[in-house]
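The values are calculated or read from the model by the stated rules, or taken from the named source; none is laboratory data. For clarity, every value in this text was computed on a predicted model and none was experimentally measured. All Cβ positions, glycine included, derive from the backbone under ideal geometry; neighbour counts span all protein chains shown.
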Amino acid sequence: MYNSQIFKIKSINESIVKLDNDIEFPIEEFQQNFTLAFCITVYRYQGGDINEPYNIYDCEIMDKRQMYTALSRTRKFEYIHCVIDPKKQYYNRKRKIGVRKITTSRYSLGKIYHITDGKNHYVGSTIKSIEERLIEHKHDKNSAIYKKMDTKNVTIELICNYPCNSQAELEECEKFYINKFADKYGDYCVNVRMNDKKKAKKHSLSFAYDIMTAGAFEEKKKQLEIKDYANCKMFKIEYMEQGKRKQITKRYKDENKEEVLVEFNKIRDVLVDGLKLKFDF
């Protein structure tokens, strides 16, 4: 036995206290050597590890060494809960220690969860119970769970509790885990929103063709005429695209007007080429 160990009382009578490791102590010796563990000082807990959520109190009166000791009892940021002055920051040698100020909010019940049918994987966030959220997914026809998984065999597990102040903070944590699962499972991670790998696919090159008569082509080409607004020293092209009016402008000075016009004609040539073959990125 050593300092900072935590035990549970298995049994107690008038003279003997028995711990959960079956070691027995006389009442007087127990009272001298043990203290209630619902709250422990930072100094008392030096060297100890915490593998479950815990609270840090009185942050406002701690110096940076005390705060570092309190924060470093765990390796998981989501286990740390504390209320601090947001203007006060703590630093270690490499980076700022991020501490969230948790206020009373429905997002203090924030959770990140993982759903799988054994093949596909989905990561989500909620402030409800994960069991309730699973039922909603299984009956929501717009859900990726409903569309891409075997809803009869899906299971849900809690990744972590993430108490926070807003939906934005909760989704920031959700995005981290979505991309972590996407890296691990690739296309078998069915999340689309906040999945950086799925977003990358949207930017792949595709082609769209506009087929028109020669007369229609010349008519559209005329619409791309360069107009010179001499009073404000500006070239302008106005045109319609997918029913919306668009314009491109470029200002010039008297000494560089011809150079600007040459460059603007290149822009017009690109638009003209786009009438024949439009590249959609």
Being modelled with pLDDT under 85, under 44 Å from the mean Cα position of the chain (by Cα) and in a strand (DSSP E or B), is that true of even one residue in region 208-227? yes
Residue list for region 60-70, restricted to those being in contact (Cβ under 8 Å) with a residue 24 or more places away in the chain and over 15 Å from ILE40 (Cβ atoms): GLU60, LYS64, MET67, TYR68
Which of the residues spanning region 151-190 are over 13 Å from the mean Cα position of the chain (by Cα) and polar (S, T, N, Q)? THR151, ASN153, THR155, ASN161, ASN165
Criterion first (closer than 30 Å to PHE181 by Cα and modelled with pLDDT of 85 or more) does TYR107 satisfy it? no
Suppose we keep only residues that are in contact with a Lys or Arg (Cβ under 9 Å, 6 or more places away or on another chain) and farther than 17 Å from CYS189 by Cβ within region 139-151. Which one would you say is surrounded by the most Cβ atoms within 10 Å (Cβ to Cβ)? THR151
Those residues of region 237-250 which are out of contact with any helix residue (DSSP H, G or I) (no Cβ under 8 Å at 6 or more places or on another chain) and either polar (S, T, N, Q) or within 13 Å of ILE226 (Cα to Cα) (or both), in sequence order: GLN242, GLN247, THR249
Taking region 12-71, which residues are charged (D, E, K, R) and either out of contact with any Lys or Arg (no Cβ under 8 Å at 6 or more places or on another chain) or within 24 Å of CYS160 (Cβ to Cβ) (or both)? GLU14, GLU28, GLU29, ARG44, ASP49, GLU52, ASP58, ASP63, LYS64, ARG65
Taking the conditions exactly as written (of a type in the set (Ser, Thr, Tyr), in the same structural domain as THR116 (by TED's automatic domain parsing) and over 30 Å from TYR54 (Cα atoms)), does TYR162 satisfy them or not? no
Residue satisfying condition, being modelled with pLDDT under 90, touching a helix residue (DSSP H, G or I) at 6+ places or on another chain (Cβ under 6 Å), of a type outside the set (A, V, I, L, M) and buried (at least 16 other Cβ atoms within 10 Å of the Cβ), within set TYR162, TYR113: TYR162
Positions within region 138-171 being small (Gly, Ala, Ser), within 19 Å of ARG106 (Cβ to Cβ) and assigned to a loop (DSSP other than H, G, I, E, B), in sequence order: SER166
Regarding region 140-154, can at least one residue be identified that is assigned by TED's automatic domain parsing to the domain that holds MET194 and within 30 Å of ASN55 (Cβ to Cβ)? no
Output for region 235-251, where each listed residue is more than 19 Å from VAL270 (Cβ to Cβ) and either touching a residue at least 12 places away in the same chain (Cβ under 8 Å) or part of a strand (DSSP E or B) (or both): ARG251
Count, please, the residues in region 38-76 that happen to be exposed (fewer than 10 other Cβ atoms within 10 Å of the Cβ) and of a type in the set (Lys, Arg). 1
GLU28 vs (1) out of contact with any helix residue (DSSP H, G or I) (no Cβ under 8 Å at 6 or more places or on another chain); (2) farther than 28 Å from GLN5 by Cβ; (3) modelled with pLDDT of 85 or more: all pass except (2)
In region 37-82, anything closer than 29 Å to TYR177 by Cα, of a type in the set (S, T, N, Q) and part of a loop (DSSP other than H, G, I, E, B) is listed as ASN51, SER72, THR74
Scanning for something surrounded by 10 or more Cβ atoms within 10 Å (Cβ to Cβ), under 38 Å from the mean Cα position of the chain (by Cα) and without any contact (Cβ under 8 Å) to a residue 60 or more places away in the chain, does region 6-25 turn up at least one residue? yes
